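Chemist: Quick one: structure below, then a few questions.
The values are calculated or read from the model by the stated rules, or taken from the named source; none is laboratory data. If you're wondering where the values come from, they're calculated on a predicted model, not measured in any experiment. In this analysis, Cβ positions are derived from the backbone assuming ideal geometry, glycine residues included, and neighbour counts consider all displayed protein chains.
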Amino acid sequence: MNPTPPHLENAKKLIHEIRLKGITDERILKALLHIPRHHFVEDRYKEAAYDDKPLPIGKEQTISQPFTVAYQTMLLDVQEGDKILEIGTGSGYQAAVLCELGAKVFSIERYEHLHSRAKCVLQELSYTPQLFFGDGYLGLPQYAPFDKILITAATDTIPEVLKKQLAMGGKMVLPLGSVYGQVMTVLRKVSKEEFQRTEHGGFVFVPMLKGVEKEAN
Ligand code: SAH
């Protein structure tokens, strides 16, 4: 019998905590249990990788708290085969969760350094999202429409470009508000111009910024 990987006990405790906080979708919990979060954080934070906390990933950015990842994933109502655009690849962890749920994942990151790092980690773990270095405010018109769009950085307005890239009946999940605090917002596209909107509690994300940051030479 294979020995239990050392992180598995910590991962199980984390899943238990997230379940108590209200995430009951077994597919999401299973995905979180399966994905080795310690691969997505810097070496000095490996010990804390299974705490329900955001952690620094460099460039003043963070890997989101596991509960928040699970919550956004739940609101997105991911179905196998969904074509999903994520804005803010960051560590690549959320993209791995979406892949694990059988989605066809496209993800954009504005820091070249983070984009490259996420690409390596996801390849090592055999996840195959399509990763793009670019400005998420522009979306990916060449791959639109998307069944779902997930924004993992705070924005004070809903980007019109992204609303256009959403399929009819599609869903967008985003933290909407100022840099100090946002309301988790779900938009459903009911017609070309009409969106139904619901709100799902307060969160704090790093800001969604315009333009890109190239790796220093
Ligand atoms: N989903 C990530 C969390 C990342 S934090 C994870 O699982 O680790 C938010 C990320 O959004 C940061 O990496 C930040 O650089 C990125 N970001 C902010 N504005 C952006 C933009 N306009 N386009 C693409 N990425 C952006």
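Chemist: Anything in region 1-54 that is in contact with a Pro (Cβ under 7 Å, 6 or more places away or on another chain) and either hydrophobic (A, V, I, L, M, F, W, C) or under 21 Å from G201 (Cα atoms) (or both)? List them, or say none.
Modeler: L14, I18, L32, D52
Chemist: Find the residue count for region 149-171, including only residues that are over 18 Å from E109 (Cβ atoms) and surrounded by 18 or more Cβ atoms within 10 Å (Cβ to Cβ).
Modeler: The qualifying residues number 3.
Chemist: So V206 ticks every box in (1) farther than 14 Å from I108 by Cα; (2) at pLDDT 95 or above; (3) surrounded by fewer than 18 Cβ atoms within 10 Å (Cβ to Cβ) but one. Which box is left unticked?
Modeler: Of everything listed in (1) farther than 14 Å from I108 by Cα; (2) at pLDDT 95 or above; (3) surrounded by fewer than 18 Cβ atoms within 10 Å (Cβ to Cβ), V206 misses just condition (3).
Chemist: Taking into account only those residues within region 28-54 that are acidic (D, E) and part of a loop (DSSP other than H, G, I, E, B), which is nearest to the ligand (Cβ to nearest atom)?
Modeler: E42
Chemist: Does any residue of region 187-197 turn out to be within 16 Å of the ligand (Cβ to nearest atom) and not aromatic (F, W, Y)?
Modeler: Within region 187-197 (the criterion being within 16 Å of the ligand (Cβ to nearest atom) and not aromatic (F, W, Y)), the answer is no, since none of the residues qualifies.
Chemist: Suppose the filter is of a type outside the set (A, V, I, L, M), touching a helix residue (DSSP H, G or I) at 6+ places or on another chain (Cβ under 7 Å) and either closer than 14 Å to P129 by Cβ or surrounded by fewer than 21 Cβ atoms within 10 Å (Cβ to Cβ) (or both); does K30 pass it?
Modeler: The answer is no for K30.
Chemist: Being more than 21 Å from D82 (Cα to Cα) and β-branched (V, I, T): is that true of V190 here?
Modeler: So V190 does not fit the description; no.
Chemist: For region 145-166, name all the residues that are free of Cβ contacts under 8 Å to residues at least 40 places away in the same chain and either of a type in the set (A, V, I, L, M, F, W, C) or assigned to a strand (DSSP E or B) (or both).
Modeler: Result: I158, V161, L166.
Chemist: Evaluate region 106-115: report whether one residue or more is outside any loop (DSSP other than H, G, I, E, B), touching an Asp or Glu at 6+ places or on another chain (Cβ under 9 Å) and of a type in the set (K, R).
Modeler: no
Chemist: Taking the criterion of being among the hydroxyl-bearing types (S, T, Y), without any contact (Cβ under 8 Å) to a residue 60 or more places away in the chain and within 19 Å of L125 (Cα to Cα), would at least one residue in region 49-67 satisfy it?
Modeler: Yes, region 49-67 contains a residue that is among the hydroxyl-bearing types (S, T, Y), without any contact (Cβ under 8 Å) to a residue 60 or more places away in the chain and within 19 Å of L125 (Cα to Cα).
Chemist: Out of E86, E124, I need the residue that is within 14 Å of the ligand (Cβ to nearest atom) and acidic (D, E). Which one?
Modeler: E86
Chemist: A further question follows. Tally up the residues in region 55-76 that are within 13 Å of the chain's Cα centre (by Cα), part of a loop (DSSP other than H, G, I, E, B) and more than 8 Å from the ligand (Cβ to nearest atom), please.
Modeler: Going through region 55-76 one residue at a time, the tally reaches 1.
Chemist: Any idea which of D52, D77 is modelled with pLDDT of 95 or more, in contact with a strand residue (DSSP E or B) (Cβ under 8 Å, 6 or more places away or on another chain) and farther than 24 Å from G211 by Cβ?
Modeler: D77
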